[in-house]
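To start, the structure under review is shown below, and the notes come after it.
The values are calculated or read from the model by the stated rules, or taken from the named source; none is laboratory data. These figures come from a predicted structure and were not determined experimentally. Cβ atoms come from the backbone with ideal geometry, glycine included; neighbour counts cover every protein chain shown. The protein model used for the area step is the full one, side chains on, heavy atoms only, and it has no ligands, DNA or RNA in it. Shrake-Rupley method; radii C 1.70, N 1.55, O 1.52, S 1.80 Å.
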Amino acid sequence: MSEIKVPKTQHPVHELITKRWSARAFSERQITIDELNTLFEAASWTASSVNEQPWKYLYAFKGTQAFEKMIEVMSAGNQPWAKNASVILISLSKRSFDHNGMPNRHHMHDVGAANTTLLLQAAHQDIYGHIIGGFHMEQAIEAFNIETDIWEIACFITIGYLDEPNTLDEPYRTREQTARTRKSVNEFTQKLES
């Protein structure tokens, strides 16, 4: 991993957290189904409201028609680099609880947590992912026959091994080489006194 992508944290955090970042430069090295299943296994152990686990992943490997369909429904700004990923996932979120059929207002939260767990496991394996919100929702729903009364598309996720930033065209090369930043802790926390 590039040194520029190692963040300078204000407080000590586990190196796995600082190692995870949203890469765009993916190498030709392909991920195996066993490696991918390990990521899915990690996601399965994410905490969720009443243990509903309201997530589902559709996936396609590079070189398949399904992979190309996934690229086609992405926004123009994501297509040039996402096409180099080894695998693309569609992260789906189940709208209702299985146990009683009632709406699950936590479904997107829980799926986001599962996606994060998956990406942390990936970082542990020196695999990198990039969550993509830039896609054409209606086209994706139609292309992948999503039952929208049951499922909501949360995001797409590209997965792959790292390559050098110079394999990317601009503006992606510069983005890949730009230092990571975050808000300071005091910008998003508030101590309550009473």
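Local charge sum around residue 61 (other residues, Cβ-Cβ under 15 Å, Lys/Arg +1, Asp/Glu -1)? Net of charged neighbours comes to 0. Rounded to the nearest 0.05, what FRET efficiency do residue 102 and residue 194 have when you use their Cβ-Cβ distance and R0 = 25 Å? It comes out at approximately 0.10. Scanning residues 5 or more positions from residue 96 or on other chains, those with amide H under 5 Å from its amide H are 104, with H placed 1.01 Å from N in the peptide plane. The dipole here belongs to region 9-118: it is taken about the Cα centre, uses +1 on the Cβ of Lys and Arg and -1 on the Cβ of Asp and Glu, and is about 300 debye. Diffusion of the chain by Stokes-Einstein, at 37 °C in a medium of 0.692 mPa s and with Rh set to the Kirkwood radius over alpha-carbon pairs, works out to 183 µm²/s. Averaging Cα coordinates gives a centre for region 121-141 and one for region 42-104; these two points are 8 Å apart. Ignoring any ligand, DNA or RNA, what whole percent of the accessible area of region 128-194 comes from carbon and sulfur when the probe is 1.4 angstrom? Roughly 46 percent of what the probe reaches on region 128-194 is carbon or sulfur.
What's the long-distance tail for region 129-194, i.e. % of Cα pairs beyond 17 Å?
Working: 1443 of 2145 pairs.
Within region 129-194, distances greater than 17 Å cover 67 percent of Cα pairs.
Under the simplified labelling scheme, the residue 186-residue 37 pair shows an inter-label distance of 5.1 nm, with each label point 7 Å from Cα along Cα→Cβ.
Counting pairs of Cα atoms in region 32-99, how many percent are more than 21 Å apart?
Values: 868 of 2278 pairs.
Cα-Cα pairs of region 32-99 separated by over 21 Å account for 38 percent.
Give me the 1.4 Å probe accessible area per residue for the chain, excluding ligands and nucleic acids, in Å².
58
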